[in-house]
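Student: The structure follows.
The values are calculated or read from the model by the stated rules, or taken from the named source; none is laboratory data. This structure is a prediction, so every number in the text was calculated from the model and none was measured. Glycine also receives a Cβ, built like all others from the backbone with ideal geometry; neighbour counts cover every protein chain displayed. These accessible areas exclude ligands, DNA and RNA; they are computed on the full protein's heavy atoms, side chains included. Shrake-Rupley method; radii C 1.70, N 1.55, O 1.52, S 1.80 Å.
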Amino acid sequence: MTRSELIAQIRAKSSYLCVGLDTDMARLPAHLLREPDPVFAFNQQIIDATHDLCVAYKPNLAFYEAMGAKGWESLQKTMAYIPDTHFTIADAKRGDIGNTSRLYAQAFFGELGFDAVTVAPYMGIDSVQPFLEFEGKWVILLALTSNAGSQDFQLTQQDGGEPLFEKVMRRAQAWGSPANLMFVVGATHPEKFEEIRRIAPDHFLLVPGVGAQGGDLEQLTRFGANEDVGLLVNSSRGILYAGSGADFAEKARASAQALQAEMASLLG
Ligand SMILES: O=C(O)c1cc(=O)[nH]c(=O)n1[C@@H]1O[C@H](COP(=O)(O)O)[C@@H](O)[C@H]1O
């Protein structure tokens, strides 16, 4: 999906919501465990209940890989079920020597057909470039993550006083463009969004950390939105597990709807 197609979807739906498909077997409603593929059955109902409210889906690979070959099958079926109108993100946090990154890119973009993959910047340009070389696909580079451990490296000051995550954002802008590169910035750092927009005014930001991790949608939108909106805000557990019974999909919809309604009002 191109940048302008993504922006058109956001405008049409007044939504920059990404639903995280972190589908955990241990948290599925009991009645679904009788299905031949409970993970896919759950995802199907979540997608049916939320597709008009969101513009993106982000399966987190760990939840599928943990189930071996069966998990991979559930992921393939889920990808085939997500409507073409939606931006799809493989949350895989990959990155390796170029030779290996090329095959990760083939797996997520070629084999599974995702629009985007999350990539760790730690190994530098040649670990990221093979993903960027895929025509029409996106890298979403980890910049400032939502977890407490973001203090350990990302927020440490480099020579010249800038934190490491800012150096990553500045340097990576020479590798890709706003048409194929986004950055991950956690919703748990609302005070950083103003500076981040000075560094990267045009790039989309994938913002996880609202819902279960407590990030504030109003604040991150006020400081993080640009004239194209420029945000994809993810919620996983807050939507998927809003209910735990037979009505889980209705509860998920209500949770997604509350976020979308707030987004619509913030977009004016
Ligand atoms: O890359 C990510 O998506 C990500 C980056 C980050 O800094 N923090 C973060 O929580 N995530 C992912 O975003 C999702 C957040 O899930 P919830 O906290 O349940 O909404 C999980 O799939 C995380 O792996």
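Student: Quick test for you: out of 129, 106, pick the one residue that is assigned to a helix (DSSP H, G or I) and touching a residue at least 40 places away in the same chain (Cβ under 8 Å). It would help to see each step written out before you state the result.
Tutor: Working: 106 fails: touching a residue at least 40 places away in the same chain (Cβ under 8 Å).
Criteria check complete, one pass: 129.
Student: Follow-up question, since we're still on this one. Can you go through 146, 150 and tell me which one is of a type outside the set (Asp, Glu), part of a loop (DSSP other than H, G, I, E, B) and within 13 Å of the ligand (Cβ to nearest atom)?
Tutor: Numbers: 150 fails: part of a loop (DSSP other than H, G, I, E, B).
Residue meeting the stated conditions: 146.
Student: Look at residue 254 and say whether it is closer than 16 Å to residue 32 by Cβ and surrounded by fewer than 21 Cβ atoms within 10 Å (Cβ to Cβ).
Tutor: On the way: closer than 16 Å to residue 32 by Cβ: no; surrounded by fewer than 21 Cβ atoms within 10 Å (Cβ to Cβ): yes.
So residue 254 does not fit the description; no.
Student: Let me ask you something else. Can you find, within segment 239-251, the residue that is least open to solvent (accessible area, probe 1.4 Å) among those that are more than 16 Å from the ligand (Cβ to nearest atom) and among the charged types (D, E, K, R)?
Tutor: Once the filter is applied, the top-ranked residue is 247.
Student: Let me ask something else. Would you be able to tell me the number of residues in segment 109-126 that are surrounded by fewer than 22 Cβ atoms within 10 Å (Cβ to Cβ) and not in a loop (DSSP other than H, G, I, E, B)?
Tutor: Total meeting the criteria: 5.
Student: Name the one entry in 181, 231, 220, 267 that is more than 10 Å from the ligand (Cβ to nearest atom) and open to solvent by 30 Å² or more (accessible area, probe 1.4 Å). Explain how you work it out, then say what you get.
Tutor: Values: 181 fails: open to solvent by 30 Å² or more (accessible area, probe 1.4 Å); 231 fails: open to solvent by 30 Å² or more (accessible area, probe 1.4 Å); 220 fails: open to solvent by 30 Å² or more (accessible area, probe 1.4 Å).
None of the others qualify; the one that does is 267.
Student: Could I ask something else about it? Only one of 92, 107, 12 is in contact with a Ser or Thr (Cβ under 7 Å, 6 or more places away or on another chain) and among the aliphatic types (A, V, I, L, M). Can you tell me which?
Tutor: Numbers: 107 fails: in contact with a Ser or Thr (Cβ under 7 Å, 6 or more places away or on another chain); 12 fails: in contact with a Ser or Thr (Cβ under 7 Å, 6 or more places away or on another chain).
92 is the lone residue from the list that is in contact with a Ser or Thr (Cβ under 7 Å, 6 or more places away or on another chain) and among the aliphatic types (A, V, I, L, M).
Student: Kindly check whether there is at least one residue in segment 186-196 that is free of Cβ contacts under 8 Å to residues at least 12 places away in the same chain and under 19 Å from residue 144 (Cα atoms). Steps first, please.
Tutor: In the first step, residues of segment 186-196 are kept if they are free of Cβ contacts under 8 Å to residues at least 12 places away in the same chain; the result is 191.
When the remaining residues are screened for being under 19 Å from residue 144 (Cα atoms), the result is 191.
Yes.
Student: I need the full set of residues from segment 104-146 which are within 13 Å of the chain's Cα centre (by Cα) and among the polar types (S, T, N, Q), in order please.
Tutor: 118, 145, 146
Student: If we scan segment 187-203, do we find a residue that is open to solvent by 20 Å² or more (accessible area, probe 1.4 Å), farther than 21 Å from residue 167 by Cα, within 16 Å of the ligand (Cβ to nearest atom) and in contact with a helix residue (DSSP H, G or I) (Cβ under 8 Å, 6 or more places away or on another chain)?
Tutor: Checked segment 187-203: no residue is open to solvent by 20 Å² or more (accessible area, probe 1.4 Å), farther than 21 Å from residue 167 by Cα, within 16 Å of the ligand (Cβ to nearest atom) and in contact with a helix residue (DSSP H, G or I) (Cβ under 8 Å, 6 or more places away or on another chain).
Student: Here's a follow-up. Grab the helices (runs of 4 or more DSSP H) fully contained in segment 10-93, keeping just those with 3 or more residues being open to solvent by 70 Å² or more (accessible area, probe 1.4 Å). Lay out the reasoning, then the answer.
Tutor: Values: elements: 38-50, 61-65, 69-81.
Correct list: 69-81.
Student: Please verify whether residue 141 is closer than 22 Å to residue 234 by Cβ and within 16 Å of the ligand (Cβ to nearest atom), treating the condition exactly as stated.
Tutor: Working: closer than 22 Å to residue 234 by Cβ: yes; within 16 Å of the ligand (Cβ to nearest atom): yes.
Yes; evaluated as a whole, the condition is true for this residue.
Student: Quick check: anything in segment 52-72 of a type outside the set (A, V, I, L, M), over 22 Å from residue 139 (Cβ atoms) and within 16 Å of the ligand (Cβ to nearest atom)?
Tutor: yes
Student: Sticking with this one: Residue under question is residue 236, and the condition is that it be surrounded by 22 or more Cβ atoms within 10 Å (Cβ to Cβ) and either within 19 Å of residue 51 (Cβ to Cβ) or more than 12 Å from the ligand (Cβ to nearest atom) (or both); does it hold? Spell out the reasoning first.
Tutor: Details: surrounded by 22 or more Cβ atoms within 10 Å (Cβ to Cβ): yes; either within 19 Å of residue 51 (Cβ to Cβ) or more than 12 Å from the ligand (Cβ to nearest atom) (or both): yes.
So residue 236 passes the test.
Student: Counting just the residues of segment 153-170 that are more than 11 Å from the ligand (Cβ to nearest atom) and part of a loop (DSSP other than H, G, I, E, B), which one comes out most open to solvent (accessible area, probe 1.4 Å)?
Tutor: Among residues in segment 153-170 that are more than 11 Å from the ligand (Cβ to nearest atom) and part of a loop (DSSP other than H, G, I, E, B), the one most open to solvent (accessible area, probe 1.4 Å) is 159.
Student: Working only within segment 1-42, note down all residues that are in contact (Cβ under 8 Å) with a residue 40 or more places away in the chain and of a type in the set (Val, Ile, Thr).
Tutor: Result: 2, 7, 10, 19, 23.
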